[in-house]
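Worksheet for the structure shown next.
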Amino acid sequence: MKKILLLLCFVGTISAVYGQNKKQAKKVTITGKVFEKSTNQPLEYATIIFQDTAKKRTVTGGITNSKGAFSIEVEADTYDVTIEFISFKSQEIKAKSLTKDMSIGSFYLAEDAQALKAVEVIAEKTTVQLKLDKKIYNVGKDLTVRGGTVSDVLDNVPSVSVDVEGNVALRGNDNVRILINGKPSGLVGLNSTDALRQLPADAIEKVEIITSPSARYDAEGTAGILNIILRRSKLEGINGAITTNVAYPKGYGISGNLNYRTGDFNFFTTSGYNYRTVPGNANTFTEYFNGDDPNTFLNEDRDFDRIRKGFNSNFGVEWYINDKTSITASLVYRDSDNERETSNILTQFDSDFNVTNVSTRFDPETEADKTIQYAVNFDKNFEESGHKLTADFQYESSTEAENSFILVNDVLAEQVATIEKQDRILLQTDYTVPLSETAQFEFGYRGNFLDLNTDYLVAFLEDDVFVSDTNLSNVLNYREYVNAFYTQYGNKINDKFSFLLGLRMESTRITIDQITSGDFDKKNYVGFFPTINLGYEISEDQSITLGYNRRIRRPRSRFINPFPSRSSITNIFQGNPDIDPSYSNGIDLGYLNRFGKLTLNTSVYFQRATDVFNFISEDTGQTTLLNGEEVPIIRRTPINLARNDRFGFEFTLTYNPSRKWRVNGNFNLFQSYNRGEFNGVNFDADNLSWFVRVNNKVTLPGNIDWQTRLFYRGPNEDAQNIRKGIFSANLAFSKDLLDDKASIAFNVSDVFNSRKRRSESFTDTFRSDGEFQWRERTFNLSFTYRFNQKKQRERNGRDQNDDDEGGFSAKP
């Protein structure tokens, strides 16, 4: 579209030059800006046309840049000036005398109700936008996640990795803050890992990778923030898409995102139901060092048969009170009903590897999760562009109930139940005021108020009656209240240099009420978190960014709860009530360059964290009877170590030689240094790790799209663990049908069934080798039908740079 508009302007200019038969007049420069009336956002590629008032023909014209600004040179004269943008009502100035350099002001274009009834155009390919404080990945037609989940999408985003257990890491650091539409969300609920595996991938519009968060964002998350933006349209009428899928191992689902706009109201929903079986397996072989006695050995085989089924919905309505004010009310509901059957076979060996004992443990667990969230948002745009006030209220209530009756050697022996109830309130307001055309000042408040109750029961069968074990069963009330204030100032100088400076203050109050033991503890601390984000545009295709920020990692309730929870009778997890928050300071230097069909996006970074959380394994000194024999119990617990230094380098290359072939690769390398001592044991460890991801998409004859994704995570180690490398490959094919209104896709996840975590753990008292596979190879077939939507073919060779809240663009 941009090329067509430029061509029209060029033809108009040529005709004006050869059509006018008069002496050369002096040249003047005319400037102005164009904005979308309902949002006050700048309109890029809006067209400005200058027409001869007498002959009514186009003399010259131009288009706006990403800031909605235009600067056009014309001959001094009188013109009819028209400002146009597709799907918006045009504005016209009649007989405007332009005899000197001047600004003709700002124009606010309103949406054209008739034009909006056309189809919505959705992106076909994934693009990247670079901002001072974030990178934005617009999720396009990624075949390998079609019919998949949000977790699958994140595993395909540069800088992000998802391990075999579904834990998300950013540049190898798992302390990531996950937001939905810029806020904590009920779609994530109590267990973000499980929730991300249930949200449909087709619901995502874009993912913001915020490695250098500005002061606007919570200081939580030392690795940074992942902000998942869900799809929402503002077109008149109804539009959206519905996807159905079937999978092997057995799975099926349906999901959709629909919008309906009429007049001043816009109704939207993102909903889905899925059912999937997730088989997995694990093996651990442990050697116990028994001092002067011969070493003994224990082999544990575990098989997991999981069934995950659930419904989730995000429904809401926007009311456009007037052109500049709107209220949005939304309701999030998530209801999942999961089942998991875990079979453990424990085999004991003596020093000569003779089998001395075999026992079995069967754990059939049921889990019911429910979350409901109410949210109201107020959005007010003032007359001046960029002058804005927003206010948010959000209330969320979540419950999670797990229950299992465990059989040992085929005999009912144990009951384990966990009931968690969480209430969370979010209050937030942000105010932004422009100080000039390039400068803005912003301040705001956010309050997060969390109440979590955990009731954990372990009971053993005695005389046909389950009796609670008071050494294991417990009730914990955990409260975390955070009040935050922030301010930030940003400016752009000489269209080259941009900066965004901010300061955030967070006051945290934590209450730990251990009902069972009667222990009560409070932790109060105040932190100041400065942020600095700088950007410099070397040329139209090159830019550099530099960011500094201070972050915090607060211990979760599970890290603090001193009562143990058991994954098996020989392994327990126990929280540490004395654990303190960890603080980090980080610096990030980024570089972006576009070489025609090749785009390079790279950065180097350094982070130093103090009082970092590390998980250690130690012998509790206690034993458990296993068929009459005593077996040591190993405890895993978090501690604060003194310091962690992390150096890293990453780059992403995108090569698009033609519309039928696109390749992108992402490489991350990070070196970590742990320095600390605990209970007289030195935990110093140096860890070099890396991962690489390559995506290749080709359009075959018959317009069949073929996409391949390869991923390899290099080996790494810490003070007690060595983890081996992991390789996986995904494969997908897709074909569009019904005049691009529908698509059918087939994909294979983990083609070689190789996505397994292999590790070694060692202490002075034992050494173990383990292998864990969370999900086996999966085949998936999906069908998508779009209502009033069509795919967007490549508009131009340049990545888009739309501006949005939270920072300045690094390019004009």
*Could you give the size of the charge dipole of the range 237-792 about its Cα centre, using +1 on the Cβ of each K and R and -1 on the Cβ of each D and E, expressed in debye and rounded to the nearest 20?*
3040
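What does the charge count around Pro364 come to, taking other residues whose C-beta lies under 10 Å from its C-beta (Lys +1, Arg +1, Asp -1, Glu -1)? Show your work: numbers first, answer last.
Details: positive: Arg340; negative: Asp305, Glu339, Glu341, Asp363, Glu365.
With Lys, Arg at +1 and Asp, Glu at -1, the net is -4.
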*With a sphere of radius 9 Å drawn around the Cβ of Ile510, what net charge do the other residues whose Cβ falls strictly inside it have (Lys, Arg +1; Asp, Glu -1)?*
+3
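Work out, in µm²/s and without decimals, the Stokes-Einstein translational diffusion coefficient of the range 461-522 at 4 °C, 1.567 mPa s, Rh from Kirkwood over C-alpha pairs.
Details: Rh = 16.7 Å.
Here the translational diffusion coefficient equals 77 µm²/s.
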*Provide the packing ranking of 100-109, 686-695, 464-473, i.e. peptides ordered by the mean count of other C-beta atoms within 10 Å per residue, highest first.*
686-695, 100-109, 464-473
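At 0.36 nm per residue, and after removing the present C-alpha to C-alpha distance, how many nm does the segment from Asp423 to Asn357 gain when stretched out fully?
Numbers: separation 66, 0.36 × 66 = 23.76 nm, distance 4.66 nm.
Taking Asp423 through Asn357 to full extension adds about 19.1 nm, to one decimal.
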_Give me the tail of P(r) for the range 237-792 as a percent: Cα-Cα pairs with distance above 30 Å._
67
*Quick one: Cα centre-to-centre distance for the range 316-378 and the range 423-479, in angstrom?*
16
*asked:* Once you place label points 7 Å from the Cα toward the Cβ at Thr390 and Asp578, how far apart are they in nm?
replied: 4.3
*asked:* Exceeding 27 Å between C-alpha atoms, which entries from my cross-link table qualify? They are Lys27/Lys324; Lys37/Lys94; Lys250/Lys735; Lys37/Lys735; Lys206/Lys380.
replied: Lys27/Lys324; Lys37/Lys735
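Bear in mind that the values in this text are calculations on the coordinates, not laboratory data. Keep in mind that what you see is a predicted model, and the values were worked out from it rather than measured. Positions of Cβ are generated from backbone atoms using ideal geometry, with glycine treated the same way; all protein chains shown enter the neighbour counts.
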